[in-house]
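Just so you know, all these numbers are worked out from the coordinates, no wet-lab data involved. Note that this is a predicted model, so its numbers are computed, not measured. Cβ placement follows ideal geometry from the backbone for every residue including glycine, while neighbour counts extend to all protein chains displayed.
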Amino acid sequence: MSTEPENKASSDVYKVVSIPMRDMPDRLRPREQFKALGAEHVPDATLIALILRTGLQGMNVVDLSEHILQKYGTLTALARCSVEELVNISGLGPVKAQMLKAALELGRRLSLESIPEEMKIVSPDDVLMVLRERARLAEEEVLWALLLDSKNRLTRPPVMVTRGTLNASLAHPREVFREAVRAACASVVIAHNHPSGDPTPSAEDIRITRQLVEASRILDIHLLDHIIMGQRRGDGRLDYVSLRETGMVSFPN
């Protein structure tokens, strides 16, 4: 397939040399691929094509789906788009944009459903299991508090404490521990995301954590760890930093 931008306002309008679906080999058609390979083994573009069902004049639905994926790069970036943003893609009207957004949202909710109630939090991996899907689509920094009982079990879903670049005014102990005091919980784990994908702690992250550790001692609510979440890497490196594990902050035993 070759594409050439038209001289129009939208950068997503293309003159396309695209094979009509009726002329495509059966093995390349979305429904036939899905039937032959199963949902787990078809490309992302095939799944999107099945949702959209039709393309636009001059571009079949498979090429349209591939164009959408090329535009955003990853499914995560695509899932961050609002319906209003998706409608700006040529070939996606309001109905198709809603269908695509709905499918991506169902996938997110399915991931959240896999988290057990009263899950026990004993490691950074447990924190990531609870929060990764929430953090994955966040375009700004969000700080969560995980409220735990005396057996390190979650007492409720994660509490979103602040939204915005983490600083001392946003992450004040009063904000972080308010719900913990109300819930009379025994301990807390805090976590926030770095939308850049790099979980390396900043000097402010470390300073705020030390301040929160001191406040936790006064309140007699153990602050167990502060996890900074990045994005999954393809090179095998961890996509998080535990400030307890690094030793950058001294947490109570």
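With 10 angstrom as the radius, rank HIS194, HIS172, HIS226 by how many other C-beta atoms surround their C-beta, starting from the fewest.
HIS172, HIS194, HIS226
Only Cα pairs within less than 10 Å get springs; with that Gaussian network setup on the chain, which residue of GLY107, GLY55, GLY38 has the largest fluctuation?
Result: GLY38 has the largest fluctuation of those listed.
What is the dipole size for the range 116-246, taken about its Cα centre, with +1 at each Lys and Arg Cβ and -1 at each Asp and Glu Cβ, in debye to the nearest 20? Could the numbers behind the result be given before it?
Numbers: 18 positive and 20 negative charges, 46 e Å.
Once rounded to the nearest 20, the dipole reads 220 debye.
At a 10 Å Cβ-Cβ cut-off, how would you order PHE34, PHE251, PHE177, fewest neighbours first?
PHE34, PHE251, PHE177
Which ordering of ARG22, ARG134, ARG207 is given by a fewest-first count of other beta-carbon atoms within 10 Å?
So the residues, fewest neighbours to most, are ARG22, ARG207, ARG134.
Going by Cα centres, the range 172-211 and the range 27-92 are how many Å apart?
So the two Cα centres are separated by 38 Å.
Can you give the angle from 0 to 90° between the axis of helix 173-182 and the longest principal axis of the chain, with both taken from C-alpha atoms, to the nearest 10?
Rounded to the nearest ten degrees, it is 80.
If you place +1 on the Cβ of every Lys and Arg, -1 on the Cβ of every Asp and Glu, and leave all else neutral, what size is the dipole of the range 124-192 about its Cα centre, to the nearest 20 Debye?
Around 260 debye, computed over the range 124-192.
Which angle from 0 to 90°, rounded to the nearest 10, does the C-alpha axis of helix 203-219 make with the longest principal axis of the chain?
Result, in degrees: 50.
Among GLU117, GLU105, GLU40, which one moves the most in a GNM of the chain with springs linking Cα atoms closer than 10 Å?
GLU40
Before rounding to the nearest 500, sum -39500 (n - 2.57) across all DSSP H runs of length at least 4 in the chain and divide by the residue total; then give [θ] at 222 nm in deg cm²/dmol.
Mean residue ellipticity, 222 nm, calculated: -12000 deg cm²/dmol.
Take the alpha carbon gyration tensor of the chain, find the square roots of its eigenvalues, order them as a ≥ b ≥ c, and report rounded if a/c is under 1.5; if not, report prolate when a/b exceeds b/c, else oblate.
It comes out prolate by the Cα gyration axes.
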